[in-house]
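Enquirer: Quick one: the structure is below, and I'll ask about it shortly.
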Amino acid sequence: MRTAGLIILIFLLLFGCKNKTPLEKYEELVARELASNKKNDSIFWGIRFGMTQKQFFNHCWEMNKKGIITDGTDGKGNMYILYKLKNELPYVASMNFYPKFNDSTITGMKALYHYDGWVPWNKSLSADSLLPNIVRLYKKTYNDGNAFIEMNDKKKGPLFAKVDGNRRIVITKEDDVQVKVEFTDLLMEHKTKKQDAN
């Protein structure tokens, strides 16, 4: 009788447990992190969710005076802030970033990375080659908390997401040249969605 029970238990463990897809793992992680009420407002270099526009521009002005950042662009004529990566990646690269404001406070951040020497015929400087290097850099820099979950986007290809409390980081290709990293305050995103629904 005990043997039959043990066999049934093993059968249930082997065949009854469905492997979760990366998307299901991600959705569970978001629900768990939001339910934890943990706040993680840090983005990078002292920039954080909830910072006002005035605080952000003053902070960037101070960084500009120190020569850390300068004026940039997203390649489509939109104003961004430029940071040069000289030693962090295999080749010299640029990071152009700009926050998303809601009611004059930061609720998100978009950063675009590209290798400075990119040309269409040099595949080692394309977004396909840059993506794994950016993922490695972010895994090293944001090594606390939950791990990045790899998923697949039908249009963009591989996508890497990390959620710690209210902060989500998503890394994916923007196009053939650039890799995009987006920081989102999930609490504000959910609040905005509820307001839009009403």
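Enquirer: Net charge near Ile106: determine it from the other residues with C-beta under 15 Å of the C-beta of Ile106, scoring Lys and Arg +1 and Asp and Glu -1.
Expert: +3
Enquirer: Got a sec to turn the phi values of segment 176-189 into Karplus ³J(HN,Hα) couplings, 6.51 cos²θ - 1.76 cosθ + 1.60 with θ = phi - 60°, whole Hz, x for Gly and Pro?
Expert: For segment 176-189, the Karplus curve yields 5, 9, 10, 10, 10, 10, 10, 9, 9, 7, 5, 5, 5, 4 Hz.
Enquirer: Would you mind telling me the share, in percent, of accessible area of segment 29-132 contributed by carbon and sulfur at probe 1.4 angstrom?
Expert: Here it works out to 53 percent.
Enquirer: Next question. Given N residues in segment 116-198, what is its alpha carbon radius of gyration divided by 2.2 N^0.38 Å?
Expert: This ratio for segment 116-198 stands at 1.28.
Enquirer: Tell me which residues come under 5 Å, amide H to amide H, from Asp74 once H is placed; ignore anything under 5 positions away on its chain.
Expert: Amide H neighbours of Asp74: Tyr80.
Enquirer: Ratio of the chain's C-alpha Rg to 2.2 N^0.38 Å, to two decimals?
Expert: Compactness ratio reported: 1.26.
Enquirer: Which is the longest stretch in the chain that no exposed loop site breaks, taking sites as chymotrypsin sites (Phe, Trp or Tyr not before Pro) with a DSSP loop state and at most 14 other Cβ atoms within 10 Å?
Expert: 122-198
Enquirer: In percent, what relative contact order does the chain have, based on Cα pairs under 8 Å that are 6 or more apart in sequence?
Expert: Reported relative contact order: 19 percent.
Enquirer: Across segment 108-164, how large is the tail of the calculated P(r) beyond 15 Å, expressed as a percent of all Cα pairs?
Expert: 59 percent
The values are calculated or read from the model by the stated rules, or taken from the named source; none is laboratory data. The model shown is predicted, which means the values in this text are computed figures rather than measured ones. When we count neighbours, we look across all protein chains shown, and the Cβ atoms used for this are built from the backbone with ideal geometry, even at glycine. These area figures cover heavy atoms from the full protein model, side chains too; ligands, DNA and RNA do not enter into them. Shrake-Rupley method; radii C 1.70, N 1.55, O 1.52, S 1.80 Å.
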